Amino acid sequence: MLKISTRGQYALLIMADLAAEEEGNFIPLKTLSHRRNLSVKYLEQILIQLGKNSLVAGSRGTNGGYKLKKKASEYTAGEILRAMEGELSPRASCENNHLESVGNDFFWKEFSERINSFVDSITLEELAQKNEAFVGYDYSI
């Protein structure tokens with residue numbers, strides 16, 4: 001079953017937060033942590049994984065933090081999710097599994113292609129814009 005972990009979901013949110021910042025500015029880890037109510041340690045694990053996949057750049061020091069390595073319009077949701085989750089496939093690997101010879105491969109192949117096509121069609125810029133629009137509905141009583 002295809003399930004996106006909370007790490008993958010938070011990676012999309014954090015990347016959208018970075019995209020909403022002025023280009024080139026580093027956002028401190030504590031600021032990102034506060035925005036999403038995440039522990040610094042958990043967030044750092046996500047950002048390290050994103051950094052290993054060359055999606056974000058980190059800097060230490062007083063003006064340090066994290067920023068995108070390229071423009072938000074150049075990232076896709078699929079690229080970010082694959083950095084956190086690995087390949088996005090609706091079924092487990094069929095190595096040494098009798099299911100491989102049962103059939104329906106055309107179905108699973110097309111299902112996988114559609115999932116990947118969809119996540120690759122959404123840019124980080126679009127996610128950031130939608131998230132920004134959604135914030136307008138946030139209120140407290």
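The values are calculated or read from the model by the stated rules, or taken from the named source; none is laboratory data. Keep in mind it's a predicted model, so treat the numbers as computed, not measured. Neighbour counts are summed over all protein chains in view; Cβ atoms, including those assigned to glycine, are modelled from backbone coordinates with ideal geometry. Note: accessible area is taken over every heavy atom of the protein model, side chains too, but ligands, DNA and RNA are not part of it. Shrake-Rupley method; radii C 1.70, N 1.55, O 1.52, S 1.80 Å.
So, taking all protein chains as they sit and a 1.4 Å probe, how much accessible area belongs to Thr6, in Å² rounded to tens?
We get 80 Å² for Thr6.
How large is the direction-averaged shadow of the alpha-carbon convex hull of the chain, in nm²?
Working: hull surface 44.0 nm².
Value for the chain: 11.0 nm².
How much accessible surface does Ser89 have with a 1.4 Å probe, in Å² rounded to 10?
Taking all protein chains as shown, Ser89 has close to 50 Å².
Given labels modelled 7 Å from the Cα in the Cβ direction, how far is it in nm from Arg60 to Lys30?
Label-label distance for Arg60 and Lys30, simple model: 1.7 nm.
For the peptides 103-109, 76-82, what is the packing order when you average, over each peptide's residues, the other Cβ atoms within 10 Å and list the highest mean first? Kindly include the intermediate steps, with their values, before the conclusion.
Numbers: 103-109: 10.9, 76-82: 19.1.
By packing density, highest mean first, the sequence is 76-82, 103-109.
Using Cα pairs closer than 8 Å and at least 6 residues apart in sequence, work out the relative contact order for the chain, in percent. Before the final figure, lay out each step's value.
On the way: 148 pairs, mean separation 44.8, N = 141.
For the chain, the relative contact order is 32 percent.
What distance in nm separates the two pseudo spin-label positions at Ile48 and Phe106, each 7 Å out from Cα along the beta-carbon direction?
4.7
What is the distance, in nm, between label points placed 7 Å from the Cα along the Cα-to-Cβ direction at Glu87 and at Ser39?
3.3
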